[in-house]
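Report on the structure given below.
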Amino acid sequence: MLFTLIVLALSAVFFAVGKIRSDVVALCALILLIVSGTLTPDEALSGFSNSVVIMMVGLFVVGGAIFQTGLAKMISGRIMKLAGNSELRLFLLVMGVTAFIGAFVSNTGTVALMLPIVVSLAAKAKVNAGRLLMPLAFASSMGGMLTLIGTPPNLVIQDVLVDGGYEPLSFFSFTPVGLICIAVGVIVLLPLSKWLLGKSDGDGKDEKNRAKSLEQLVNEYRLSDNLSRYVVGRGSSIKGKTIVELDIHNRYGLTVLEVRRETSRQKGIIKNVSQMLAGPRTVLQEDDIIYVIGAKEQAKLFAADYSLTEPTPVSDDGENERGGLDFYDIGIAEIVLLPTSRLVNRLLKESGFRAKYSINIVGIRRKGEYIMDDLGDVRLHGGDVLLVQGTWANISRLSNEEENWVVLGQPLEEAAKVTLDYKAPMAACIMLLMVVMMVFDFIPVAPVTAVMIAAVLMVLTGCFRNVEAAYKTINWESVVLIAAMLPMSVALEKTGASTMISHSLVSGLGAYGPFVLLAGIYFTTSLLTMFISNTATAVLMAPIAMSSAVEIGLSPYPFLFAVTLGASMCFASPFATPPNALVMQAGRYTFMDYVKVGLPLQVLIGVVMVFVLPLLFPF
C-alpha cells in the first residue's frame, strides 16, 4: 500500500512540475507498479482496452471529421451571430450549449462534439481558444448533473437507493443541483479563465516567417478578379471536345484552370466533387464546371459562343474567402527561382512545368509587380516568385528539385487545412446518428459501439482525404495518459488504500454533525476521483455514504448527492476525467492550469453544496 501511495504522490509532483510529458510520467508510474508486483501485466494494460479509452480514440476521429468537413465552421458561424462581438456572450453560449448537451450525452461525447466547434468559434471571434476549452470541459461535467442519465455516478447512487429500499430519484431530480453547479461554474470560470488561461499563445510568434495562406495568395494575385465559372449545359456545343481542340487560350486569351465534376444523391447529403487540372486531352462532359481566368469580356464571349451558363451561386463562407476557388484536390503555392536555376532566361512556355510535373503557372511576382497575362512569353529571371497550380501531390513533388527553386511553405500541410465542405451534410448525419444511438436506451447499441460506428463511417464516406488524415486527428498523448492512469485505481483498490482512506475519513467525521460529514463525503470522493475513475469512486463511496447516514439516523439523499457531485465535479487535474484530457493539448494547458482554475471551482462547489443539499433534500 505504501509503495502505491508513494508512486501516486511522485506522479502528482511530476505532473505539477511539468518538465516531463504527462503521458511519459503516467507510463513510468505504470511500469513501477508492474515491476513491484503491485499490478500484473494484464491489470496494468487493462486501461488500453478500456471502453472509455476506445471511445476517446473514436471521438477524436469524429471531432476531426466535423472540423475537416467545415461543419464546425458552419455551426460556429451561426453561434457567432448570436454572440455578436461580445466575448461574455460567447462564453455564456459555450457554457450553456455544452451543459445542455451534456445533460443527455456523455460528457466525453459532448466535449468531442463541441471541441472543433469551439476552436472554430475562437478563431472567428479572435479569442484565444484556451479561454474557452477548459470551461467547455467543465461545463460538460456540470451538465451531466442536470438529468439522471447525464453521468454514470448518478445511476450508481440511484441503484444504491433502490437496493436500500428508498424511493428512486426521478429523471429531473438532479436538475436543481445541476443548475446551481452551472451557476457557480459561470461565476468562478468567467474571471479565472480571463486571468489565468490563454495568456501565452505561440500562434503569432513567427507570423512573419510563415507561408501565406491560400486566401492570402488568392487575394494577393487577385485571382478572383479575373476568374469566371461556366457550366456545360445539355445544349452546349462544347460537349465531347478536348481543351486542345477548343484552343481557348489563342482564341480568347483565357487560361482554363480546372474542370470540376460533381455528383449528388439523397438531396445533397451524399455528394462527391472531382477536381481535374485542365490538360490538353481533358474531354468536357455535360454538367462539368469550367474555371477560366482572363478578361471578363473575353470570358463572356467564350460562354456565349458555346452556350455556357453560370452556376447557381452558393452562400458559402469558404467560397467567399477564396473568391470562388476551392482547393480540395487542386491547390496553389509559391516557388522562388534560384539564380542558378536551369530556367533562368528561358521563356515560361519552354519551362516544361506542365509536361514534367502537370503544373500550371498562373502568376509571376517580380520585384513587387504581378504579371498575370501572356505568361507563356515571359522570360524568367532569378528571384522570380511563381504562383503554381496543380494537384497537392504534384506541388509537393516540386520540392525534389531544390537546385532550381524553393517551394515556400508546406503544401501538404496547407492541403490538410482545406475543409471538404461538400461533405458537411454527410458528417452532420453521421454525428446525429451517433448522438441518437447514445441518447435513446431502446436502441441496443453501447455508447462505445456508437462512437466506433460513427468514426468508421466518417472515414468510409470520405469525410477525410485518406485514412492517414483520420489517424492524425487522434491526440495520442491524451489517450496514453488516461489509459496509463486507469489501472492506478486497480492498484489503490487491490492494496486497500482507497478503502482505508474513505472509511477513516468518513467515520472520523461522523461525530462532528451532519454538515461536517456531508463535507467529508464530498471532499473524500473528490480526492479519490483525481486518481480513480468517477464511476469507480461512486461505486466505492456510495455504500459508505449510505451506511454513514443510516447509522446516525439521517436521510441518505443529501449524502449520496454529495458522492455523485464529488465524483463528477473533479476539475483539478487533466486525468481526473476524459473531458479534461481531451482539451489539454488543444488548449495548450499544463497540469498547473487545472490546479489554478479547477481546484478553486471544485472546492467552491463543495462548500456551496454542503449548505444547498440539505435545503433541497432535508436531513
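One table, with the values for the structure above:
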{"item": "Dimensions (Å) - the chain, Cα atoms, principal axes, largest first", "result": "97, 50, 44"}
{"item": "Inter-part distance where the stretch 334-355 and the stretch 425-460 are each reduced to a Cα centre, Å", "result": "51 Å"}
{"item": "Filter on 124/472; 19/596; 124/212; 423/472 - keep pairs with C-alpha separation over 21 Å", "result": "124/472"}
{"item": "Radius 12 Å from Cβ of residue 481, net charge of other residues (Lys, Arg +1; Asp, Glu -1)", "result": "-1"}
{"item": "Helix-derived mean residue ellipticity, 222 nm - over the chain, DSSP H n ≥ 4, -39500 (n - 2.57), to 500", "result": "-17000 deg cm²/dmol"}
{"item": "Estimated inter-spin distance, residue 310 and residue 608, nm [label 7 Å along Cα→Cβ]", "result": "5.5 nm"}
{"item": "Two-decimal Rg to Rh for the stretch 7-109 - Kirkwood Rh, Cα set", "result": "1.14"}
{"item": "Solvent exposure of the chain as accessible area per residue, Å², 1.4 Å probe", "result": "44 Å²"}
{"item": "Centre separation in Å (Cα based) which lies between the stretch 514-532 and the stretch 1-63", "result": "23 Å"}
{"item": "Additional length obtainable on full extension of the chain from residue 371 to residue 599, 0.36 nm per residue less Cα span", "result": "76.1 nm"}
{"item": "Sulfur and carbon atoms: percent of accessible area, the chain [1.4 Å]", "result": "61 percent"}
{"item": "Rg and Dmax [Cα atoms of the stretch 524-612; Å; Rg one decimal, Dmax integer]", "result": "14.3, 48"}
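The values are calculated or read from the model by the stated rules, or taken from the named source; none is laboratory data. What you see is a predicted model; the values in this text were computed from it and never measured. As a convention, Cβ positions derive from the backbone with ideal geometry for all residues, glycine included, and neighbour counts pool all protein chains shown. Note: areas computed on protein heavy atoms with side chains; ligands, DNA, RNA excluded. Shrake-Rupley method; radii C 1.70, N 1.55, O 1.52, S 1.80 Å.
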